[in-house]
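K.L.:
After the structure tokens below, expect a handful of questions from me.
The values are calculated or read from the model by the stated rules, or taken from the named source; none is laboratory data. Small disclaimer: the values here were computed from a predicted structure and weren't measured. Glycine gets a Cβ as well: all are built from the backbone with ideal geometry, and neighbour counts include every protein chain shown. Just so you know, the surface numbers come from the protein's heavy atoms only, side chains and all, with ligands and any DNA or RNA stripped out. Shrake-Rupley method; radii C 1.70, N 1.55, O 1.52, S 1.80 Å.
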Amino acid sequence: EDAHLSAGGIEQCCKAAEEYGDVLSGVPLVVVSIMNRCMQTAQQCFPGLVNKEGVKWMANEDCREQTGNHPCDRRVNTTKYREAFPHMDFSDIAAEEDPLYWKYGNEVREPDDACFDRCKVFLEWVSKRPEKEIIVCTHSAILGVLIPRLCLKDTFRGFRNCELRSYILSSNDM
């Protein structure tokens, strides 16, 4: 349940921190999937933003991994996360326990359409935020559902671990 980063994953994050850290040092909001490995990734990739004055860290359920049939996609309760990530704001997380993993049965992957609907909810939430620049740390499977359906069908390629891409989204994309 809810995997932690491996030693290799931490190494990838450290390389990303060296490459991206200074470029993103002024971003005021970091939004992170509620999955442990994603919160660890964000924390490792952007260590200069942890506890930095004026920077808010928020966990979000809607940008979490496409779920179902993989035990690593089942999250733990938010109390454990609050203890492990005290700089993270969990106030938008409605359920203490995982509301999504069992929704489709533990042998069925969340359908792409359902995942995309969840992505739309997330994008609507992001669009209402006052910040103009936001770091979103999420998962490749959910981005593989979202990005091609927005506007980049012909140019989409999969994501590498700790890869940073910049997108400008407008209300026309949703």
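K.L.:
Skip the ligands, DNA and RNA, and give the accessible area per residue of the stretch 1-74 with a 1.4 Å probe, whole Å².
P.N.:
That works out to 44 Å² for each residue.
K.L.:
Hey, rough spin-label estimate for Glu133 and Glu163, points 7 angstrom out along Cα→Cβ, what's it come to in nanometres?
P.N.:
So the two model labels end up 2.2 nm from each other.
K.L.:
State the extension gain, in nm to one decimal, for the chain segment bounded by Glu18 and Ser91, taking 0.36 nm per residue of separation less the distance between their alpha-carbons.
P.N.:
23.2 nm
K.L.:
May I ask you to derive the relative contact order of the chain, considering only C-alpha pairs under 8 Å and at least 6 residues apart, and to give it as an integer percent?
P.N.:
27
K.L.:
Using 1/(1 + (r/R0)^6) with R0 = 35 angstrom and r between the beta carbons of Ala7 and Glu124, what's the FRET efficiency to the nearest 0.05?
P.N.:
The pair Ala7/Glu124 has a calculated efficiency of 0.40.
K.L.:
For the stretch 1-90, what is the charge dipole size about the Cα centre, in debye to the nearest 20, if Lys and Arg each add +1 at the Cβ and Asp and Glu each add -1 at the Cβ?
P.N.:
Around 180 debye, computed over the stretch 1-90.
K.L.:
Report the residues of the stretch 76-109 in range of a label on Lys56: point 7 Å along Cα→C-beta, backbone N strictly under 19 Å from it.
P.N.:
From the stretch 76-109, the list is 82, 85-95.
K.L.:
A follow-up question, please. What accessible area, in Å² to the nearest ten, does a 1.4 Å probe give for Met88?
P.N.:
Looks like 20 Å² after rounding.
K.L.:
So if I place +1 on the C-beta of Lys and Arg and -1 on the C-beta of Asp and Glu, and nothing else carries charge, what would the dipole magnitude of the stretch 56-97 be about its Cα centre? I want it in debye, nearest 20. Could the numbers behind the result be given before it?
P.N.:
Details: 6 positive and 9 negative charges, 30 e Å.
Using Cβ point charges on Lys, Arg, Asp and Glu, the stretch 56-97 gives about 140 debye.
K.L.:
Considering only protein heavy atoms, with the full assembly of protein chains and a 1.4 angstrom probe, order Asp113, Asp92 by accessible area, largest first.
P.N.:
Asp113, Asp92
K.L.:
Can you divide the C-alpha Rg of the stretch 3-87 by 2.2 N^0.38 Å and report the result to two decimal places?
P.N.:
My calculation over the Cα atoms of the stretch 3-87 gives 1.10.
K.L.:
If we count chymotrypsin sites (Phe, Trp or Tyr not before Pro) as exposed when they sit in a DSSP loop and have at most 15 other beta carbons within 10 Å, what is the longest stretch of the chain that avoids them all? Display every interim value, and only then the final one.
P.N.:
Values: sites that count: Phe156, Tyr167.
Between exposed loop sites, the widest span is 1-155.
K.L.:
Enumerate the lysines that Lys15 could reach by cross-link, defined here as Cα to Cα under 24 Å, with residues fewer than 8 away along the same chain left out.
P.N.:
Correct list for Lys15: Lys52, Lys56.
K.L.:
Hey, any idea what % of the stretch 1-102's accessible area is carbon plus sulfur with a 1.4 Å probe?
P.N.:
Using a 1.4 Å probe with all protein chains present, the stretch 1-102 comes out at 50 percent carbon and sulfur.
K.L.:
I would also like to ask the following. Going by Cα centres, the stretch 15-72 and the stretch 88-151 are how many Å apart?
P.N.:
14
K.L.:
With a bin width of 5 angstrom, please list the P(r) values of the chain as percents of all Cα-Cα pairs, from the 0 bin to the one holding the largest distance.
P.N.:
Whole-percent P(r) values from 0 Å outward: 1, 8, 17, 22, 22, 18, 10, 2, 0.
K.L.:
Can you compute the charge dipole magnitude of the stretch 1-159 about its Cα centre, using +1 on each Lys and Arg Cβ and -1 on each Asp and Glu Cβ, nothing else charged? Give it in debye, rounded to the nearest 20.
P.N.:
240
K.L.:
Note the full-extension length gain between Tyr104 and Ser140 as 0.36 nm times their separation in residues minus their Cα-Cα distance, in nm to one decimal. List each step's numbers first, then the result.
P.N.:
Details: separation 36, 0.36 × 36 = 12.96 nm, distance 2.00 nm.
Here the segment from Tyr104 to Ser140 would lengthen by 11.0 nm.
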